[in-house]
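Beneath this line is the structure, given in structure tokens, with notes to follow.
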Amino acid sequence: MDQLLQFVFSGLTVGAVYALVALGFTLIYNASDVINFAQGEFVMLGGMVTVFAHAAGVPLPLAALLAVAVAVATGLALHRLAIEPARGANAVTLIIITIGASILIRGLAQIVFDKQFHRFPSFSGEDPISVLGASILPQSLWVLGGAAVIVAALWLFMERTLLGKAVRATAANRLAARLVGIDTALVLALAFGVSGAIGALAGILVTPITLTSVTVGTLLALKGFAAAMLGGIGNPVGAVAGGLVLGLLEALAAGFISSTYKDAVAFVVIITVLFVLPQGLLGKRAVERV
Amino acid sequence: MRVSPRSATLLLFLAVFAALPFLLASSFHLRVATLVWIQALAAVGLNLLMGLAGQVSLGHAGFFGIGAYAVALGPRHLGLDPLLSALAGLILSGLLALLVGRPILRLRGHYLAVATLGLGILVWLVLNSEVALTGGPDGTQVPRLVLFGWRVAGAETWYWITGAVLLVGVWLALNLEDSPLGRALRALHDSEVAARVIGIDVARTKLVVFVIAAIYAALAGSLLGLFNRFVTPQVADFLHSIELVTMVVIGGMGSTLGAIVGAAILTVLPQALTVFHDYEHAVLGFMIILFMIFLRQGIVPGLAALLPRRAVA
């Protein structure tokens, strides 16, 4: 029982990170139909910039802030320099552009940073807390709490602010949104910037537990994408649910089946979802008009 | 004399194929050219799927890897002849493509890209993790190919063999484009609904070309294994899948010649960039973005559009 609870704790922690990556995917996908495979690089930047700024003597909160700023700038640059000039290109071209961007970001990060694994100290100590016979790291609580705050903030922004409503309107129908006077170009830039921030925050929160290096982005992007698929691509609630479910499945598979194939879970999930439930857990059935 | 685009492609390739050994000074250059032919074979197959059917495989390196490991593991674990092992690899790849493609290709949209993405990574994970079987991340040896007592060796020999296989592959691909299947594919690429209305079995047609593309990739993988006499899981990794897709897109989707040009660029470039070892990834990513933005239809169709109409026709 406590073993199961242990797996649930670690699964939810990792799942929260997948959920945030999937949420970033969803934001950009809704605003622009672009599947952004560079999403994982935001997470990498969040962790790596914080590590190096902290090592250079910057206090941790400031270093984290700097990392978020770098990721936001990267997201905006990605939109302005790579996605915007290719407007009107087909889906495959856009996917390849984002993959190219992720290779470029990783390549640049390799030059600026190094290839080692790094971490910085946990926010509130390393001593595990004992809960019902299982133990949980304080940093895990930070990850879960942080993810909850980010999701709640995003929800409030979408539901309660005029700009958030503009984002939702753009996602629903770009042309109609433009007709009622919404600056869709601004909304798009906003989506990339916010995605960058969310990714970076995920990276900062989880680095004390999982460590980070310049190469962590690819797998995170793919798993975040799997989570978004599982939840129904384009659905933010689905993205969060998909991320948590994927994290849980991974932890349970690692615990009870084989830790070697932990990383396989996400991809088995992708294929299973496509076979059984192509619109995802919470996705709408797509009806195409001819 | 009017030359059809099909013959033009074949003649052009044949001319380059025959002339290169006289122009390339060292065996290192011949080795690079051989690698180009091998990658081009996989790209030509993938181009059928992308250019004709309008579907993308983001896990094509998985099929490539199956072909490559077939020639390594078949002889060692099953005592099979390398050629027979390669054949087994092709069949396995084809069956896997059939198994995954059948349910997925019934769906509209780019679901195949997502499914193959998962499939490719699963193949890579197995190759990487089953250390006892595959040698794990360190890779494994491939026995030398012996054809009827002739030990196949030397850079030049492999240059001719891989080039000849590519030539056949290109010829088959070009014929396929002009076959009823090719026309059906082009029709459904333009409009699936219209294609269905005129009686094309859309799902089946896509499935056939997906299986063919998987077999091309597996054959390329087998050639690489036999040529290098060593394979590592890298041949099946996600980056290689992306490189294959990029070859097709850079060269020009739908153009067989383009697939070869794309393969040449993406194979030669990293060799040239080894001087700037640390910058290799950054430059690759930068190039991909530049090509996608400024030469969206690809090199070969882009250049063809510049030539006077008569010369292309």
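The values are calculated or read from the model by the stated rules, or taken from the named source; none is laboratory data. A quick note: this is a predicted structure, and the numbers were derived from the prediction, not measured. Every residue, glycine among them, receives a Cβ derived from its backbone with ideal geometry; neighbour counts consider all protein chains shown.
Observations
- Residue selected from the range B:28-68 under the condition more than 13 Å from chain A (Cβ to nearest Cβ), within 23 Å of residue B:298 (Cα to Cα) and small (Gly, Ala, Ser), by the criterion surrounded by the most Cβ atoms within 10 Å (Cβ to Cβ): B:43
- Flag if residue A:11 is buried (at least 24 other Cβ atoms within 10 Å of the Cβ) and not acidic (Asp, Glu): no
- Condition met for residue B:235 (of a type in the set (Val, Ile, Thr), in contact (Cβ under 8 Å) with a residue 60 or more places away in the chain, assigned to a helix (DSSP H, G or I) and under 14 Å from residue B:67 (Cβ atoms)): yes
- The criterion of at least 1 residues that are under 28 Å from residue A:11 (Cβ atoms), of a type in the set (Ser, Thr, Tyr) and in contact (Cβ under 8 Å) with a residue 24 or more places away in the chain is met by the following helices (runs of 4 or more DSSP H) wholly inside the range A:98-193: A:138-160.
- Subset of the range B:149-167 [free of Cβ contacts under 8 Å to residues at least 12 places away in the same chain and hydroxyl-bearing (Ser, Thr, Tyr)]: B:157
- Among the residues listed as A:16, A:53, A:67, the single one being more than 30 Å from residue A:270 (Cβ to Cβ), assigned to a helix (DSSP H, G or I) and among the small types (Gly, Ala, Ser): A:53
- Some residue of the range B:63-81 being farther than 20 Å from residue B:228 by Cα, touching a residue at least 24 places away in the same chain (Cβ under 8 Å) and not aliphatic (A, V, I, L, M): no
- Hey, residue A:145 closer than 19 Å to residue A:201 by Cβ, more than 14 Å from chain B (Cβ to nearest Cβ), modelled with pLDDT of 90 or more and surrounded by fewer than 17 Cβ atoms within 10 Å (Cβ to Cβ) or not: yes
- Selection count, the range B:266-306, where residues are buried (at least 21 other Cβ atoms within 10 Å of the Cβ) and within 25 Å of residue A:78 (Cα to Cα): 9
- Residue in the range B:200-221 that is over 21 Å from residue B:70 (Cα atoms), within 14 Å of chain A (Cβ to nearest Cβ) and at pLDDT below 90 present: yes
- Out of A:203, A:193, sole residue that is surrounded by fewer than 24 Cβ atoms within 10 Å (Cβ to Cβ) and either more than 14 Å from chain B (Cβ to nearest Cβ) or of a type outside the set (Phe, Trp, Tyr) (or both): A:193
- If only residues of the range B:101-126 that are more than 7 Å from every other protein chain (Cβ to nearest Cβ) and over 19 Å from the mean Cα position of the chain (by Cα) are counted, the one that is nearest to residue B:215 (Cα to Cα) is B:102.
- Residue satisfying all of: in the range A:268-277; surrounded by 21 or more Cβ atoms within 10 Å (Cβ to Cβ) and more than 7 Å from chain B (Cβ to nearest Cβ); farthest from the chain's Cα centre (by Cα) among these: A:273
- Hits in the range A:167-214 - residues which are touching a Leu at 6+ places or on another chain (Cβ under 8 Å) and of a type in the set (Gly, Ala, Ser): A:189, A:191, A:193, A:195, A:196, A:199, A:200, A:202, A:203
- The one condition in (1) buried (at least 20 other Cβ atoms within 10 Å of the Cβ); (2) of a type in the set (A, V, I, L, M); (3) more than 14 Å from chain A (Cβ to nearest Cβ) that residue B:25 fails to fulfil: (1)
- Single match in A:53, A:69, A:64 (criterion: surrounded by fewer than 18 Cβ atoms within 10 Å (Cβ to Cβ), over 25 Å from residue B:117 (Cβ atoms) and either aliphatic (A, V, I, L, M) or at pLDDT below 95 (or both)): A:69
- Within the range B:64-147, helices (runs of 4 or more DSSP H) holding 1 or more residues that are touching a Lys or Arg at 6+ places or on another chain (Cβ under 9 Å): B:82-104, B:111-129
For every residue, the table says whether it meets (1) at pLDDT below 90; (2) within 9 Å of chain B (Cβ to nearest Cβ).
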| position | (1), (2) |
| --- | --- |
| A:218 | yes, yes |
| A:232 | yes, no |
| A:244 | no, no |
| A:254 | yes, no |
| A:263 | yes, yes |
| A:266 | yes, yes |
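- Contact map, the range A:80-95: residues that are facing chain B (nearest Cβ under 9 Å) paired with residues that are among the basic types (Lys, Arg) and surrounded by 14 or more Cβ atoms within 10 Å (Cβ to Cβ), Cβ distance under 6 Å, separation 6+ or inter-chain. Pairs shown: A:89/B:296.
- Filter result for residue B:76 (charged (D, E, K, R) and within 24 Å of residue B:273 (Cβ to Cβ)): no
- Residue B:263 at pLDDT 90 or above, more than 14 Å from chain A (Cβ to nearest Cβ), surrounded by 22 or more Cβ atoms within 10 Å (Cβ to Cβ) and in contact with a Leu (Cβ under 7 Å, 6 or more places away or on another chain): no
- Residue that is in contact (Cβ under 8 Å) with a residue 12 or more places away in the chain, within 14 Å of chain A (Cβ to nearest Cβ), closer than 24 Å to residue A:86 by Cβ and not hydrophobic (A, V, I, L, M, F, W, C), where the choices are B:251, B:285, B:258: B:251
- Selection within the range A:102-122: residues that are within 9 Å of chain B (Cβ to nearest Cβ) and farther than 15 Å from residue A:46 by Cα. The member of this set that is surrounded by the most Cβ atoms within 10 Å (Cβ to Cβ) is A:103.
- Considering the conditions (1) more than 7 Å from every other protein chain (Cβ to nearest Cβ); (2) surrounded by 24 or more Cβ atoms within 10 Å (Cβ to Cβ), residue B:92 is excluded by exactly one of them, (2).
- Scanning the range A:38-52 for residues that are touching a Leu at 6+ places or on another chain (Cβ under 8 Å) and over 18 Å from residue A:16 (Cα atoms) turns up A:38, A:49, A:50.
- Residue B:147 being farther than 26 Å from residue B:207 by Cβ and either in contact with a Cys (Cβ under 6 Å, 6 or more places away or on another chain) or at pLDDT below 85 (or both): yes
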